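Participant: Once you've had a glance at the structure underneath, I'll fire off some questions.
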Amino acid sequence: MHVHVHGAGRDGRDAWPGLSDEDAVYVGFDLSLPMRENVAQLGAGVPADSVVFAHSAGAVPVALCVQAGSIAPRSLVLVEPGLYDLARGDAAIERHIEAIERARALSSSGDLFGYWSVVRPLMFGGAAELSNWSQERETAARFEAKQPPWGFSVDASAIGAIPTLVVTGDWNAEYEVIAGVLSRQGAIHRHLRGHDHRPQDHEDFSSMVEDFLRSS
């Protein structure tokens, strides 16, 4: 069975458009909930000996379930995994975390537009403009409600005990650093360029996964 865990954007089948539905399960989770609830939900929804796919922030509950022993996947396919805990101290990682924490301090004080002024150019591209704020306020609030993917003591060695393919788009230093940590633990790291944070949209993603599964 193939279990698919989405990231912070698309969910369900839409998050994995290039893969077959045969033996596929799509597990949802809510980043606005405490991580322990997402870990519990995922742990209950992944059959033993599955191939588990996880994108971006979805890799965090997957990794925590592996560490806790609540899931025992046959193999992992991690797509631009947001496992920031693995690379703390790296300059690119720390710059990103500092910016998001600074933005969240603004929103905590009631300044959602101040939060968006930091986050929009960092995560979505383009400056936050007051003239667009009425249209973008809801998006800002939804994004602000999501937990950032760090502060959970993720352990790379737990993931390294499982055959793992890490796929990145070679566009963002943060994900490349994280992939490097995982590759030093034994993961296979491959690039699929041209789709930025969604290399699973690349036409070669499915065949890359098939090659990995045949050899693992």
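The values are calculated or read from the model by the stated rules, or taken from the named source; none is laboratory data. Predicted model only: the values in this text are computed from it and were never measured. In this analysis, Cβ positions are derived from the backbone assuming ideal geometry, glycine residues included, and neighbour counts consider all displayed protein chains. Please note that ligands, DNA and RNA were not included when accessible areas were found on the heavy atoms of the full protein model with its side chains. Shrake-Rupley method; radii C 1.70, N 1.55, O 1.52, S 1.80 Å.
Participant: In the set (i) 18.2; (ii) 17.8; (iii) 20.6, which value of Kirkwood radius over Cα pairs in Å was calculated from the structure you see?
Facilitator: Working out Kirkwood radius over Cα pairs in Å from the coordinates points to (ii).
Participant: Write down the accessible area per residue of segment 167-216 in Å², having rolled a 1.4 Å probe over the full set of protein chains.
Facilitator: 51 Å²
Participant: So, one more: At a 10 angstrom cut-off on C-beta neighbours, averaged per residue, how do the peptides 72-85, 159-172 rank from highest to lowest?
Facilitator: In decreasing order of mean packing, 72-85, 159-172 become 72-85, 159-172.
Participant: For segment 45-101, what is the accessible area per residue in Å² when the probe is 1.4 Å?
Facilitator: 29 Å²
Participant: Go through 35, 208 and list them by solvent-accessible area, largest first, probe radius 1.4 Å.
Facilitator: 208, 35
Participant: Measure off, as a whole percent, the carbon and sulfur share of the 1.4 Å-probe accessible area of segment 1-117, all protein chains present.
Facilitator: 49 percent
Participant: Scan the chain and hand back the longest stretch that contains none of the GluC sites (Glu not before Pro) lying in DSSP loops with at most 10 other Cβ atoms within 10 Å.
Facilitator: 23-202
Participant: Calculate for the chain the 222 nm mean residue ellipticity that helices alone would give, adding -39,500 (n - 2.57) per DSSP H run of length 4 or more and normalising by residue count, nearest 500 deg cm²/dmol.
Facilitator: -12000 deg cm²/dmol
Participant: At 7 Å along Cα-to-Cβ for each site, give me the label-to-label distance between residue 111 and residue 23 in nm.
Facilitator: Each label point lies 7 Å from its Cα, and together they span 5.3 nm.
Participant: Let me ask another. Based on Cβ point charges of +1 for Lys and Arg and -1 for Asp and Glu, what charge dipole magnitude is obtained for the chain about its Cα centre, in debye rounded to the nearest 20?
Facilitator: 360 debye
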